Amino acid sequence: MKTTEAIKLLRQYESRNVTFLEADGSWPIVWERAKGVHVWDADGKKYLDLTAAFGVAAAGHANPHVVKAGQQQMGKLLHAMGDVHPHALKAQLARELSRLTFERWSGGERTGKTIFCNSGFEAVEAALKTAMITGGKYGVIAFNGAYHGLGYGALNVTHRDHFKSPFRLQLREFANFVPFPTKPSDLAVVETLIGRLFQRGRVGAILVEPMQARGGINVPPPGFLPLLRKLCDRHGALLILDEIYTGFGRTGKWFACEHSNVVPDLICLGKALTGGFPLSACVGRADLMDAAWPASTGEAIHTSTFLGHPVGCAMALAQIAEIKKLKLPARSAQLGEYLLKLLAEKIPGRSYRVTVRGAGLMVGVELRRTDGQPATAEALRAIKAMLHRGYIMLPEGEHSHVISFTPPLTITQAQLAQTVQELKKVLAAE
Ligand SMILES: Cc1ncc(COP(=O)(O)O)c(C=O)c1O
């Protein structure tokens, strides 16, 4: 089916406000297949993917080992019984996630325990429930610009009004938002505000992305996570890290918290975990998880039909093995430095100011007008122009004024250089 026909069907049969369809047909493209760092559309045109499809395809689209693991699993066992009769891969993946997180972080002294979920937002909700069931304190501290997903639980801790306001009357609004720091001098304010919130009482957790992706590729100063750890310890609260975007090598380490050696109480994982199957995980310190969740007497308090899906587990085990084999966290760190250097060379443009930031292969190019306002129209025009030149890119930030790079971690230097060269041409024309 060609692009125009598929778009026509979407217009007719998919709910409005899901796929953004430009009236003149200039957005979106219709994906037909993807391999490695490339995507082909329904008309056969080839693109370089600078998004890894929301960071999912960390080991490349359709990584052959991941595909094979999924295909073999499909032929053997397509579905098991979530919280009732399990399959062995779920146990193996839970062990692997423990090894990658709490065991690595503690030199083998501690283990982790996992609640599997489907989408990223569900992993966040599992973490919120864990915090609630632990101490009964319902309040959560979250951050301006935070994106934790859009289910009714997660929506409470996601910051943007755009997502919340139509549903506000059905939200419990248990979150208190604090500014996300971007420079060391912001930390004192963060500390004071959080201290005040703890004093008001009933706060059981701080939930944070170690680096914000959807919020506009925001990298906090190095003291941020250590500060949050200290405040959580002082006030008997849990530190929940949402590493759904930043996990699995995206920022140049296995997990972004490793940049500051902070160990959370709970970590939420998704996206790159499987390379393309909806499976997510909330991994917590085993002692904490055991204290929080009572032994099941037959009816789990929190579960879902597809919990720990066998195909997702098989793919995740293969994906993690690929990330290890290809040393993708280190590759991401090295390529990220290269990309930041390329982008640091002056980007031409008359009508806006450019700021570049990021870690590993999570990099943002922020455009602001000379009066400081977000240059949203310019950023969106540039992204569209890039698309028509064969480069898939996305805007991030509340005002969609940050052009982001989150490519498959298998991308090459040459492909990054070629993209930056093209982006500079496009921006120069603005
Ligand atoms: C940091 C973070 N948390 C949670 C989510 C929600 O994940 P999902 O869209 O799979 O529900 C996202 C999605 O972009 C995310 O970036």
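Quick note: the coordinates plus some simple rules give every number you see, no bench work behind them. This one's a predicted model, so the numbers in the text were calculated from it and none came from an experiment. So basically every Cβ, Gly included, is an ideal-geometry build from the backbone, and we count neighbours across all protein chains shown.
Using the Cβ-Cβ distance between H388 and N261 with R0 set to 60 Å, the FRET efficiency works out to roughly 0.85.
Going by how many other beta carbons lie within 10 Å of each one, how would you line up T274, T19, fewest first?
On the way: T274 30, T19 13.
Ordered from fewest to most neighbouring Cβ atoms within 10 Å, T274, T19 come out as T19, T274.
Starting from the stretch 101-183, pick out the trypsin sites (Lys or Arg not before Pro) whose DSSP state is loop and whose Cβ has at most 13 other Cβ atoms within 10 Å. The qualifying sites are R172.
Set the Förster distance to 25 Å, then compute FRET efficiency between K45 and K164 from the Cβ-Cβ distance, nearest 0.05. Present the calculation step by step, with values, prior to reporting the outcome.
Working: r = 37 Å, r/R0 = 1.49.
Efficiency for this residue pair is about 0.10.
Each residue of the stretch 143-159 was assigned a 3J(HN,Hα) from its phi angle through the Karplus expression (A = 6.51, B = -1.76, C = 1.60, θ = phi - 60°), giving 10, 4, x, 5, 10, 10, x, 10, x, 4, x, 5, 4, 4, 9, 7, 8 Hz with x at Gly and Pro.
Straight-line cross-link partners of K424 among the lysines, defined as a Cα under 24 Å from its Cα and at least 8 positions apart when in the same chain: K45, K46, K341, K346, K384.
Within the stretch 1-92, report the trypsin sites (Lys or Arg not before Pro) that DSSP leaves as loop and that have at most 14 other Cβ atoms within 10 Å.
Qualifying residues, ordered by number: K2, R16, K45.
Over all pairs of different C-alpha atoms, the stretch 68-325 has a mean inverse distance whose reciprocal, the Kirkwood radius, equals 18.6 Å. For the chain, the dipole from Cβ point charges (+1 on Lys and Arg, -1 on Asp and Glu) about the Cα centre works out to 500 debye, to the nearest 20. Separation of the stretch 250-292 from the stretch 94-151 is 7 Å, based on Cα centroids. Note on the chain: GNM, Cα springs under 10 Å; of P329, P179, P395, the largest mean-square fluctuation is that of P179. Karplus-based coupling profile of the stretch 393-407, in residue order and whole Hz: 9, 10, x, 10, x, 4, 9, 6, 10, 10, 7, 9, 10, 9, x, with θ = phi - 60° in 6.51 cos²θ - 1.76 cosθ + 1.60 and x standing for Gly or Pro. For the chain, modelled as a GNM whose springs connect Cα atoms under 10 angstrom apart, the maximal fluctuation among T305, T297, T412 occurs at T297.
Database remark: amide H of F177 closer than 5 angstrom to the amide H of A142 (H placed geometrically; neighbours at sequence offset of 5 or more, or on other chains; Pro and chain starts carry no H).
Name the long-range amide H neighbours of L238: under 5 Å, sequence gap of 5 or more, or other chain; modelled H, no Pro or chain starts. For L238, whose amide H was placed from the backbone, the distant partners under 5 Å are A205, I206.
Derived scalar couplings between HN and Hα for the stretch 46-54 equal 9, 10, 9, 9, 9, 10, 6, 6, 6 Hz in order, rounded to whole Hz, by the Karplus curve 6.51 cos²θ - 1.76 cosθ + 1.60 (θ = phi - 60°), x for Gly and Pro. Comparing A300, A316, A154 in a Gaussian network model of the chain, where Cα atoms under 10 Å apart are tied by springs, the biggest mean-square fluctuation is seen for A300.
Each of V402, V354 was scored by other Cβ atoms within 10 Å of its Cβ. Listed from fewest to most, they are V354, V402.
Computed from the Kirkwood radius of its Cα pairs, the Stokes-Einstein diffusion coefficient for the chain at 20 °C and 1.002 mPa s stands at 96 µm²/s.
Taking the stretch 9-99, which GluC sites (Glu not before Pro) meet the DSSP loop condition and have no more than 12 other C-beta atoms within 10 Å?
Working: sites: E14, E22, E32, E96; in loops: E14, E22.
Sites meeting the loop and neighbour criteria: E14, E22.
Going from the residue with the fewest nearby Cβ atoms within 10 Å to the one with the most, T158, T4 rank T4, T158.
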